[in-house]
1. Which residues, taken from region 463-490, are aliphatic (A, V, I, L, M), modelled with pLDDT of 95 or more and touching a strand residue (DSSP E or B) at 6+ places or on another chain (Cβ under 7 Å)?
2. On the basis of being surrounded by fewer than 24 Cβ atoms within 10 Å (Cβ to Cβ), hydrophobic (A, V, I, L, M, F, W, C) and over 30 Å from residue 58 (Cβ atoms), does residue 135 make the cut?
3. Step by step: first the residues of region 331-346, then only those that are under 30 Å from the mean Cα position of the chain (by Cα), more than 22 Å from residue 58 (Cα to Cα) and of a type outside the set (A, V, I, L, M, F, W, C), then the one that is most open to solvent (accessible area, probe 1.4 Å). Which residue is that?
4. Working only within region 263-299, note down all residues that are under 22 Å from residue 395 (Cα atoms) and touching a His at 6+ places or on another chain (Cβ under 7 Å).
5. Can you find a residue that is under 16 Å from residue 471 (Cβ atoms) and open to solvent by less than 20 Å² (accessible area, probe 1.4 Å) anywhere in region 540-556?
6. Please give the number of the condition residue 145 fails out of (1) part of a strand (DSSP E or B); (2) among the charged types (D, E, K, R); (3) open to solvent by 10 Å² or more (accessible area, probe 1.4 Å).
7. Within region 409-430, is there a residue that is closer than 26 Å to residue 114 by Cα, open to solvent by less than 10 Å² (accessible area, probe 1.4 Å) and out of contact with any Cys (no Cβ under 7 Å at 6 or more places or on another chain)?
8. Please specify each residue of region 510-535 satisfying the condition of being part of a loop (DSSP other than H, G, I, E, B), closer than 30 Å to residue 649 by Cα and either open to solvent by less than 10 Å² (accessible area, probe 1.4 Å) or not charged (D, E, K, R) (or both).
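The values are calculated or read from the model by the stated rules, or taken from the named source; none is laboratory data. Here the structure is a predicted model, which is why all the values come from computation and not from measurement. Using ideal geometry, Cβ is built from the backbone for each residue, glycine included, and neighbour counts are taken over all protein chains shown. The area values use the complete protein model at the heavy-atom level, side chains included, leaving out ligands, DNA and RNA. Shrake-Rupley method; radii C 1.70, N 1.55, O 1.52, S 1.80 Å.
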Amino acid sequence: MTRHLTIAAALAVLLSLSTGLEAAAPTKTKPSAAGWQAGVARVVITPEKYMWMSGYGGRSKPADGKVHDLWAKAVAMKDPTGKTAVFVSTDLITVPIKMVEAVMTEITRQHGLGRSEVMFTCSHTHCGPALDGMLSYMLDMKYDDWKQVRGYQQTLNAKLVTLIGAAIKDLKPAAVSFGNGHCQFAANRRAPRGIGPYDHDVPVLRIASPDGRTLRAVIFGYACHNTVMSYYKWSGDYAGFAQLYLEGRHPGTTALFFAGCGADQNPLPRRKEELARKYGRMLGVAVDHVLDGPTTPISGRIATRFENIQLYFDNLPKKKELLEIQKTGNRYRKAWAGNLLKQYDLYGRLLPTYPYPIQSWQIGTGLTWVALGGEVVVDYAVRLKRELGHGQGGRSVWVTGYANDVMAYIASERVLKEGGYEGETSMIYYQKPSKWRAGLENTIVKTVTALTADNRSQVARSFKLPGQLLFDGKSLAGWKKTKFGGEAEVIVRNGQMILQTGADMTGVTWNRDKPPPDWDYEVVLDAMRVEGHDFFCGLTFRVGKAPCSLILGGWGGGVCGLSSIDGFDASENDTTGYHEFQNGRWYRVRLRVTRQRITGWIDGKEILDQPLKGRKIGIRGEVDLSQPFGLSTWQTTGAVRNLRIRTLTDKEKAPKKKANSK
């Protein structure tokens with residue numbers, strides 16, 4: 001067995017020297033299209049004092065040494081339209097959802113970025129600090145240990161907010177390109193070991209000076225557990241050594257790592273530091289081969305989508321069972337039972353689902369980047385690359401795991417059926433009530449496919465959009481602040497119009513020589529609820545000579561509709577609908593007014609279609625001052641960008657044909 005592993009390791013070194021490109025490579029390397037910018041930032045996140053480490057439930061004491069510093073790093077990218085997306089890489093075991101929510105609250109408030117526009121990842125090093133998340137309950141920590149962990153978490157959150165801000169501040173013209181390499185030290189760890197599926201791709205994103213000659217940053221990934229070492233020293237493991245290798249080879253460059261779908265992949269053999277250094281060097285060499293060869297320049301624009309879907313647990317233990325486990329179970333099961341009993345105390349039941357995060361980025365026309373929450377098994381990468389067209393027509397598909405919220409292992413249907421650690425028993429360490437219910441794989445893939453299709457359609461749009469731009473992203477030219485009484489400030493920041501929380505309303509009203517159209521027009525905008533719990537987009541518009549308002553997120557946060565139809569407002573007429581809006585997320589809004597009907601869409605999905613014949617159109621008295629055209633919020637901070645209006649074509653003006661009844 002030792003000889004077999006040694007030979008395998010030697011072969012892996014040789015194979016890693018080949019880039020092994022699967023996607024079609026261009027004939028030459030050239031800078032990305034004009035108008036692209038990138039910003040790079042980094043910060044040390046090594047704890048200042050020794051504290052408990054995570055990764056292995058059997059740890060029994062705090063760290064007692066350091067191999068190298070742990071880092072958080074970020075790259076911000078801005079396309080020619082001004083759309084910005086930020087990638088965050090961390091030398092951490094996990095990405096706690098509480099951390100993401102705390103950081104995003106500040107990032108949205110300070111920079112106006114929505115949830116889809118920031119990707120949080122971790123290297124999944126098992127030689128990093130314990131964090132304030134559910135995984136840390138597997139550790140035998142006492143009160144003072146938890147206090148130290150939570151103190152570190154607060155410091156870390158603040159550092160991440162500053163890091164992202166620094167990357168945005170550093171934005172400057174850049175050449176952005178991508179490629180794919182190959183490296184072979186990961187092996188499927190499920191029985192029979194080394195036989196199952198794997199993903200040996202090494203995705204690489206190159207950030208350089210505008211002429212492409214000076215390397216500023218390189219983002220790369222690999223689908224393998226970051227678990228060579230298990231000692232009590234701070235270390236980024238093989239991923240940390242790979243970053244150090246690349247930064248040593250390219251002085252002044254920042255290297256950022258992300259973990260792929262490697263939940264069932266291990267670096268083999270392991271448990272010696274020289275192996276961690278070796279695997280890091282192998283991975284670094286694979287990245288260098290991509291950097292030295294032809295890479296595909298980014299062109300077009302960035303499109304981002306993010307959605308939480310509900311994944312169901314298979315079986316919910318009864319309270320009586322949990323009380324018994326608290327008495328008789330081992331340390332891990334007692335902690336598990338205790339956390340589930342807190343749900344019974346809080347809700348009177350166990351929650352049957354978990355909100356699972358799915359993120360999809362389209363960077364130019366050629367690069368699709370999917371980020372999945374949890375410890376994702378390799379089957380997802382294999383399937384998504386196949387179904388989303390990796391390698392077809394020069395397109396690359398990357399699938400990141402351990403992103404945005406690492407709440408549990410994410411088994412495929414195959415692994416779920418086989419059971420074992422990744423399929424079932426690991427849920428105890430993540431404090432989840434049971435394994436996942438069958439069907440999750442198709443649910444996840446279906447959502448990824450839909451988000452990716454939408455992104456690709458957005459990227460394919462012309463830079464020159466039809467109609468008139470109503471908000472230039474620089475000033476309130478063409479608008480006046482609406483004097484509702486009790487209104488808050490309206491500010492312009494980072495290309496967005498921000499209507500701050502008032503008591504009760506804040507808004508702006510049309511202030512131009514030419515009045516807005518009465519009929520046959522369409523309005524499009526991006527809208528986001530920054531904070532608050534009521535409507536974040538009250539769009540008042542004209543229907544002939546009558547005013548009307550589109551309300552999004554009213555009456556406690558979820559009601560959508562038109563106010564008013566025949567004297568009934570948006571909460572009580574034919575257009576009334578409900579949408580689960582998330583704070584910090586941008587929504588694409590479209591409203592069309594013809595002489596026959598009013599139609600509205602959110603993110604391409606129709607939410608209302610109101611015929612006008614025989615109906616009386618009006619508005620509520622509170623928004624009367626928004627006439628003839630305006631935007632408003634109610635006790636909520638909202639943001640708007642990309643606001644345009646256009647005249648409909650003759651075909652669009654035509655009445656809808658009645659469906660054939662045959």
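1. Let us first name the residues in region 463-490 that are aliphatic (A, V, I, L, M), namely 465, 469-470, 476-477, 488, 490.
Filter once more, so that each one left must be modelled with pLDDT of 95 or more: 469-470, 476-477, 488, 490.
Result: 469, 470, 476, 488, 490.
2. Values: surrounded by fewer than 24 Cβ atoms within 10 Å (Cβ to Cβ): yes; hydrophobic (A, V, I, L, M, F, W, C): yes; over 30 Å from residue 58 (Cβ atoms): no.
Spelling it out, it is not the case that residue 135 is surrounded by fewer than 24 Cβ atoms within 10 Å (Cβ to Cβ), hydrophobic (A, V, I, L, M, F, W, C) and over 30 Å from residue 58 (Cβ atoms).
3. Here the answer is 342.
4. Going through region 263-299, the residues under 22 Å from residue 395 (Cα atoms) turn out to be 286-299.
Once the filter is applied, which keeps residues that are under 22 Å from residue 395 (Cα atoms) and touching a His at 6+ places or on another chain (Cβ under 7 Å), region 263-299 yields only 286.
5. yes
6. Single failed check for residue 145: (1).
7. Just the residues of region 409-430 that are closer than 26 Å to residue 114 by Cα, to begin with: 410.
Right, trim to open to solvent by less than 10 Å² (accessible area, probe 1.4 Å) and you get 410.
This time we only want the ones that are out of contact with any Cys (no Cβ under 7 Å at 6 or more places or on another chain), so: 410.
Within region 409-430 (the criterion being closer than 26 Å to residue 114 by Cα, open to solvent by less than 10 Å² (accessible area, probe 1.4 Å) and out of contact with any Cys (no Cβ under 7 Å at 6 or more places or on another chain)), the answer is yes, since at least one residue qualifies.
8. In the first step, residues of region 510-535 are kept if they are part of a loop (DSSP other than H, G, I, E, B); the result is 511-520, 533-535.
Within this subset, residues satisfying the condition of being closer than 30 Å to residue 649 by Cα are 511-520.
511, 515, 516, 517, 519 - these are the residues of region 510-535 that are part of a loop (DSSP other than H, G, I, E, B), closer than 30 Å to residue 649 by Cα and either open to solvent by less than 10 Å² (accessible area, probe 1.4 Å) or not charged (D, E, K, R) (or both).
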